[in-house]
Each structure stands twice: as structure tokens, then as C-alpha cells.
């Protein structure tokens, strides 16, 4: 029975996962998820660093130490030999920097998670309020049409056609007015901006008070180009260009950017609607994805120095 189940499992995998997909990790398309797969299945070569690992080491300011550590490791004839004091010091320094950078990534992504949660909560509140108002208008429209229709029918039965027609005209006018209000209500849903400044203020380089915690590493990472970049655009420039291309960022004037980033204290004087909050959620998700790409370089750096 067990053997039969294994045969079925093998057939299932072969049927749903083509051979080229199950090939080596270097064949995986270099999307964000693909790079994670490549990092997990294709560790750095013993003779050097991958571009992502080199970038991470440069951002952390430990590239000379990493290269020296790899040099010491490659010069060993016995891989299981006791590490020297120099090698141990280098490993401690590199590991300390990598762990600190990883914690910084976690802090930023946690902050973005909180901002996303707040944005979703506000958007749901505005949508619920809008739907409640629309339900009231729809109910009033049906009620007035039914009540006035019954009244007009009574006059028609009494052969008072003129009065019945006038009542129907009044009903139609009221219905038209309620329909107009429903159309206006479907585009409503505004509130004053009262949330905290989001990470988008850093993306748009907006002026803001001195933060409680400084995230210099993440700032340098976002303002640097990808290792395989052909146009030398920074990650922030790539994000902004993508938002413009897909019409999430239609205006780049400062008031609009302040609203999108909820940059305080200026944003407290402004209002936000459902559309703006939806755009903010999309931008925060894209920014979080870009920040998490640093994890790839950190993982490859650990594997290149045999610290994993």
C-alpha cells in the first residue's frame, strides 16, 4: 500500500511540475520569489560572493572582513581544523553585523505591517459607513415608490386620474433625487488623516521630524541600485516608476505625496478617501517587498562565509 502511494505521488509531481521547473535553482526566473528559491538551493561558491551577498557586505561595511574570511577558509588544507583567533574574530564581527541587519529588516517590515493593518481598518470603516448610507437611500427609494404607487392606484380606481398622475410624478421626482444622492454617496467616504507617518515618507523623501529609531541600513539599501541593474536606477526609483506606469501615482506634487504618506503634522489638515487609502496599501506592500529583498543578500552572505 505504501509503495503504491509513493508511485502515485511521483506521477503527480511529474504531471504538475515540468522538468524545466524542477531543474537547478539557476533556471528559476529571477523574480523576488525566484531569487529566494535560488538563495535557498544554490549557495555561494566557495571562491567568492554572489552580487547580492557582496552588496549586503558593502552596505554593512564588512566587505574587507568577509573577503579575508573567505581567503582564510580557502587557504585551509583541512576544513575541520581548529579556527585561528583571527578567523574567530572575523566570524564574530560578520555574524554580529548580519544579525543586526536582519533585526533591522524585521523592525521595518513589522512597522509596515502595522501601517497596513491601520490602513485596512480605516478603509473597512469608510466602506461600511458608505454602504450603510447607500442602504438607507435604497430603502427610502423603494419605500416611497411603493407607498406613493399604492396611493396613486387608489385615485385611479376612483377615476381621479389627474391626481393619480400628479402623485406618480411626485414619486418619480423623489426617486430621481434619491438616485442622485446614491450616486454621490457611492463616491463618498472621506475622513481627516489622523494616523502616524508611514514609511512612504522616506520613499518620497518628504521632510519629517527626527525619527525615534534610525534605519540607516534600510535607507541606503532602498537608495541603491540592484546588483544586476542595467540602468543604475535605485530601488526607490524603480518603485516610483512602477507606480506611475500603473497609474497608482498620478500626481507627484507635494500635497498629494503628503496625503499618500500620511506625513505628519501636515497631513492632519488634509482628508483621505477610500481610493487614496487603497493606493497607500498597494504602495506599502510594494515597499515591504523591496525591503525584504535585503534578506536574500544576508542569507547569501552567511552561506558564502559558512556562518549558516
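The values are calculated or read from the model by the stated rules, or taken from the named source; none is laboratory data. This is a predicted model, so every value here is computed, not measured. Note: ideal-geometry Cβ built from the backbone for every residue, glycine included; neighbour counts use all protein chains shown.
Brief remarks follow.
- Here residue 164 passes the criteria (1) outside any loop (DSSP other than H, G, I, E, B); (2) within 30 Å of residue 268 (Cβ to Cβ); (3) touching a helix residue (DSSP H, G or I) at 6+ places or on another chain (Cβ under 7 Å) except the one numbered (2).
- For the range 138-150, a residue qualifies if it is more than 28 Å from residue 275 (Cβ to Cβ) and crowded, with 16+ Cβ neighbours inside 10 Å, and the qualifying residues are 144, 145, 148.
- Candidate set: the range 208-217, residues that are surrounded by fewer than 13 Cβ atoms within 10 Å (Cβ to Cβ) and under 22 Å from residue 103 (Cβ atoms); chosen: the one modelled with the lowest pLDDT: 212
- In the range 210-225, residue nearest to residue 51 (Cα to Cα) [restricted to those that are part of a loop (DSSP other than H, G, I, E, B) and either in contact (Cβ under 8 Å) with a residue 12 or more places away in the chain or not assigned by TED's automatic domain parsing to the domain that holds residue 101 (or both)]: 224
- Residue identified as under 26 Å from residue 56 (Cβ atoms) and either exposed (fewer than 15 other Cβ atoms within 10 Å of the Cβ) or outside the structural domain of residue 115 (by TED's automatic domain parsing) (or both) among 228, 253: 228
- Inside the range 160-207, residues that are buried (at least 17 other Cβ atoms within 10 Å of the Cβ), within 30 Å of residue 105 (Cβ to Cβ) and touching a residue at least 60 places away in the same chain (Cβ under 8 Å) make up a count of 8.
- Selected residue (only one of 223, 273 is touching a strand residue (DSSP E or B) at 6+ places or on another chain (Cβ under 7 Å) and more than 14 Å from residue 56 (Cα to Cα)): 273
- Given (1) surrounded by fewer than 17 Cβ atoms within 10 Å (Cβ to Cβ); (2) more than 19 Å from residue 103 (Cα to Cα); (3) in contact with a helix residue (DSSP H, G or I) (Cβ under 9 Å, 6 or more places away or on another chain), index of the condition residue 220 fails: (2)
- Flag if residue 135 is crowded, with 17+ Cβ neighbours inside 10 Å, without any contact (Cβ under 8 Å) to a residue 60 or more places away in the chain and in a helix (DSSP H, G or I): no
- Unique residue being at pLDDT 90 or above and in contact with a strand residue (DSSP E or B) (Cβ under 6 Å, 6 or more places away or on another chain) when the list is 234, 279, 198: 234
- From the options 288, 264, residue that is part of a helix (DSSP H, G or I), closer than 16 Å to residue 115 by Cα and in contact (Cβ under 8 Å) with a residue 60 or more places away in the chain: 288
- The single condition from (1) within 18 Å of the chain's Cα centre (by Cα); (2) assigned to a loop (DSSP other than H, G, I, E, B); (3) closer than 19 Å to residue 208 by Cβ that residue 259 fails is (2).
- The residues on offer are 176, 157, and the sole one that is at pLDDT 90 or above, outside the structural domain of residue 276 (by TED's automatic domain parsing) and farther than 30 Å from residue 278 by Cα is 176.
Conditions tested, residue by residue: (1) surrounded by 17 or more Cβ atoms within 10 Å (Cβ to Cβ); (2) within 29 Å of residue 288 (Cα to Cα); (3) assigned by TED's automatic domain parsing to the domain that holds residue 287.
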position: 59; (1), (2), (3): yes, yes, yes
position: 63; (1), (2), (3): yes, yes, yes
position: 78; (1), (2), (3): no, no, no
position: 105; (1), (2), (3): yes, yes, yes
position: 108; (1), (2), (3): yes, yes, yes
position: 116; (1), (2), (3): no, yes, yes
